[in-house]
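Visitor: Attaching a single structure in structure tokens format; questions to follow.
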Amino acid sequence: MGSRKHKMAQRIKEERKSQYMASLNNCPTSPRKMRLIADLVRGMDVTKASGVLQFTKNHAARDLEKLLRSAIANYEQKSGQRWEEASLFIKEISVDSGRMLKRIQPAPQGRAFRIRKRSNHVTMILGSATSVVAAKTETTETEA
């Protein structure tokens, strides 16, 4: 590996240490339905997002709430702090298409219609307001 690639890999590894994320793979809900719920909570405070997900009557909301709890547990594990003390918010949430199961539905006159049972992958990244403030002050110092 070249030195430039090695330095880049080291930088990415260091950034990952301060990144608190959780991912959900092959969730059997269509990506379109999951994106509707993900758009509700994107950028919200963790406690507020948890309340919204808890009282949303959508099956996708239960999966996202479970994912949010997993991301909070990952934060506590990595940082060693309680999540109540840090002001966490949902920094990024992305819903990507997963595998698609293809089934056949009988149709009139001997035809067959294709049914696509979609699934998705969800990635949630949490950020703390204290780290955002520290990053902003760091960038203003380098610009000055």
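Visitor: For each of Asp63, Asp45, count neighbouring Cβ atoms within 10 Å of the residue's Cβ, then give the residues from fewest to most.
Guide: Ranked by crowding around the Cβ, least crowded first: Asp45, Asp63.
Visitor: Counting only helical runs of four or more DSSP H residues, what would the 222 nm mean residue ellipticity of the chain come to if each run contributes -39,500 (n - 2.57) and the total is spread over all its residues?
Guide: Helices in the chain give a 222 nm mean residue ellipticity of -16000 deg cm²/dmol.
Visitor: Also, quick follow-up: Sort His59, His6, His121 so the one with the fewest other Cβ atoms within 10 Å of its own Cβ comes first.
Guide: His6, His59, His121
Visitor: Given 10 Å bins starting at zero, what is the percent of C-alpha pairs of the chain in each, up to the one with the largest pair distance?
Guide: 10, 30, 27, 18, 9, 4, 1, 0
Visitor: Can I ask one more? If we count every other residue with Cβ under 12 angstrom of Ala112's Cβ, Lys/Arg +1 and Asp/Glu -1, where does the sum land?
Guide: +4
Visitor: Let me ask another. For a quick check, take a GNM of the chain with Cα springs below 10 Å and name the residue from Gln81, Gln54, Gln19 with the largest mean-square fluctuation.
Guide: Gln81
Visitor: Another question about this same structure. Taking the chain as the reference, fit the longest principal axis to its C-alpha atoms, fit the long axis of helix 129-143 to the helix C-alpha atoms, and give the angle between the two in degrees, 0 to 90, nearest 10.
Guide: Between helix and principal axis, roughly 60 degrees.
Visitor: Taking the Cβ-Cβ separation of Asp45 and Lys13 as r and a Förster radius of 25 Å, what is the calculated FRET efficiency to the nearest 0.05?
Guide: 0.30
Visitor: Seen from all sides and averaged, what is the projected area of the convex hull of the Cα atoms in segment 2-54, in nm²?
Guide: If you wrap the Cα atoms of segment 2-54 in a convex hull and average its projections, you get 5.8 nm².
A short reminder: the numbers here are calculations on the coordinates, not readings from a lab. This one's a predicted model, so the numbers in the text were calculated from it and none came from an experiment. Reconstructed Cβ throughout: ideal geometry from the backbone, glycine too, with neighbour counts over all protein chains shown.
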